[in-house]
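Structure first, then comments.
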Amino acid sequence: MNAALGGWSYALARLAAALVAGSLLGWFVGSYWAGLAGTLAAYLAVQLHQLYRLDHWLRNRSRLDPPDPGGLWGDVVVQVVRLHRRKKFHKARVVRLFRELRRSTASMPDGVILLNDESEILWFNRKASELLGLRRKTDFGIRIENLVRQPEFSRYLAAGQYASAVVVPRKAGEDSWLSFQAVPYGDGQMLLLVRDVSRQTRLETMRKDFVANASHELRSPLTVIAGYLETLATDPAVPADLRAPLAEMRRQSERMTTIVEDLLELSRLESSDEEVAGEPLDVAGLLATLRKDVLARPQHPSEVRVAIESETRLVGDPGLLHSAFSNLVDNAAKYTPAEGSIALRWWSDANGGHFSVTDTGPGIPAEHLPRLTERFYRVDAGRARATGGSGLGLAIVKHALQRHGAELEVTSVPGRGSTFTCHFPVRRLLAAEVARRASA
Ligand code: ADP
């Protein structure tokens, strides 16, 4: 700063001295103004010459050495050289970094695609081009949905729910699967991770098929055993000391039948992730039936209340919804003592439709709540066995709700009771008058 000021003072002093000398010379030869004008013209000529040299050098910077005019022009040249060097240094660094980034993303096991806010491809790595058959030159700027033509994928991108990945077939009818996980960033841009999940998907399908086939194969022998046990239980010829073991065998065979039936139902539910279409369901009628079923149990809570706070109908698969709701009501009835009570409630608001089952049973400690819908997960194995549960009820509820885009929420206070609530999205509701008009 000081050097710059020094340079400027020196240049101004030199100009002033030249002007004084020029005017004095002019005064001697008879025209003071001519001397001053001549000096200014000479000064201007020198500046223009320097400017010309600077311009010439800047235009041919790569070939020529910088000029050395000294003075203020010299300072300007030094600063330009410094700026140029700094720019070159930063450019080299950015290029190096970009190369590193390209090399590292090229060796990534997953495909990576960058999309702009219009879902157009900005960039992709080698793995992505391998998995999706992208070509560098022609596919930049193309909308990703035009290259991945799977309805599930388009729905996933449009829904904006990117907590989990979507798995789609690589090509229709092929046993090869890709998983896409979107990671939004910036102002509408998106990072899309692509992975080949054919192996995992095949294993998962094999697992599901195995459970379904095993359950199916177990059903027939179990029916025969249960049939014989029933006949024996009522046969007066059976010795008295065999009656108790026979009764226990019958109870256990019934449990096994329940487990097999529930496994089969779960397999059916797991066979697809697609949401079911269904039809408008009269929730009040369904809850009245479920209430009757509870009261028909040999042992049941003394009070079963039903509160219908909305006439809105629920659009879904009647079988699946009956299965989900009856599993929740069955649990409440199973785990609540005779002196306790159960309340069933249906209401709707701006968020959608809600069905809840509240009981005054033993409640569930908080640490168990996140795992409650896992298959065969039991809070208290002894108690569950005594009530004859399969351990699959809540897994069935969760899957049946998923097929309706709904979620299960569980709140509980140990010793006081539990509330299981099914939250259905607004798209699953049909206003009562619309339903009436439709059926009229
Ligand atoms: P189960 O057939 O054993 O009832 P579920 O999947 O229906 O299996 O339930 C899982 C576990 O959650 C049960 O074993 C039980 O411990 C607990 N549970 C479910 N509903 C209730 C409830 N209303 N009150 C207390 N515990 C419950």
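Checking the cross-link filter: which lysines have an alpha carbon closer than 28 Å to that of K127, excluding same-chain neighbours under 8 positions apart? Of all the lysines, those that pass the test against K127 - Cα under 28 Å, at least 8 places apart if same chain - are K91, K137, K171.
Calculated mean residue ellipticity, 222 nm, the chain: -18000 deg cm²/dmol, from DSSP H runs (n ≥ 4) at -39500 (n - 2.57) each, averaged per residue and rounded to 500.
Between amide H atoms placed 1.01 Å from N, distances below 5 Å from L429 occur with V315, all of them 5 or more places distant or on a separate chain. Expressed in units of 2.2 N^0.38 Å, where N is the residue count, the Cα radius of gyration of the stretch 275-417 is 1.02. Against the chain, whose longest principal axis is taken from its Cα atoms, helix 71-106 shows a tilt of about 20°.
For the residues W346, W33, W73, a GNM of the chain with alpha-carbon springs under 10 Å puts the largest fluctuation on W33. For the chain, the longest principal axis of the C-alpha atoms and the axis of helix 2-29 are separated by about 30°.
Using all pairs of distinct alpha-carbon atoms, the Kirkwood hydrodynamic radius of the chain works out to 30.0 angstrom. To test your reading of the geometry: what angle, between 0 and 90 degrees and rounded to tens, separates the Cα axis of helix 243-270 from the longest principal axis of the chain? Between helix and principal axis, roughly 30 degrees. Sorting K171, K334 from the fewest to the most surrounding beta carbons within 10 angstrom yields K171, K334. Among F325, F424, the ranking by other beta carbons within 10 Å of each residue's beta carbon, starting with the fewest, stands as F424, F325. Classify the stretch 108-196 as rounded, prolate or oblate from the Cα gyration tensor: take a ≥ b ≥ c as the square roots of its eigenvalues, call it rounded if a/c is under 1.5, otherwise prolate when a/b beats b/c and oblate if not. Rounded, because the longest to shortest axis ratio a/c is under 1.5.
Of V76, V283, V224, the residue with the greatest mean-square motion in the GNM of the chain, using alpha carbon springs below 10 Å, is V76. Positive contributions from Lys and Arg (+1) and negative ones from Asp and Glu (-1), summed over other residues with Cβ under 15 Å from the Cβ of Q47, come out at 0.
Phi angles of the stretch 369-380 translate, via the Karplus equation with coefficients 6.51, -1.76, 1.60 and θ = phi - 60°, into HN-Hα couplings of 4, x, 9, 4, 8, 6, 4, 6, 7, 10, 6, 9 Hz per residue; Gly and Pro are given as x.
Just checking the listed ones, D262, D55, D110: in the Gaussian network model of the chain with Cα springs under 10 Å, the one fluctuating most is D55. What's the local net charge at S119, with K and R +1, D and E -1, over the other residues with C-beta under 9 Å away? So the surrounding residues net to -3. Prolate is the label for the stretch 215-281, because a/c, from the alpha-carbon gyration tensor with a ≥ b ≥ c as root eigenvalues, is 1.5 or above and a/b exceeds b/c.
Each value in this text was obtained by applying a stated rule to the coordinates, not by laboratory testing. A quick note: this is a predicted structure, and the numbers were derived from the prediction, not measured. Here Cβ is always computed from backbone atoms with ideal geometry, including for glycine, and neighbour counts include all displayed protein chains.
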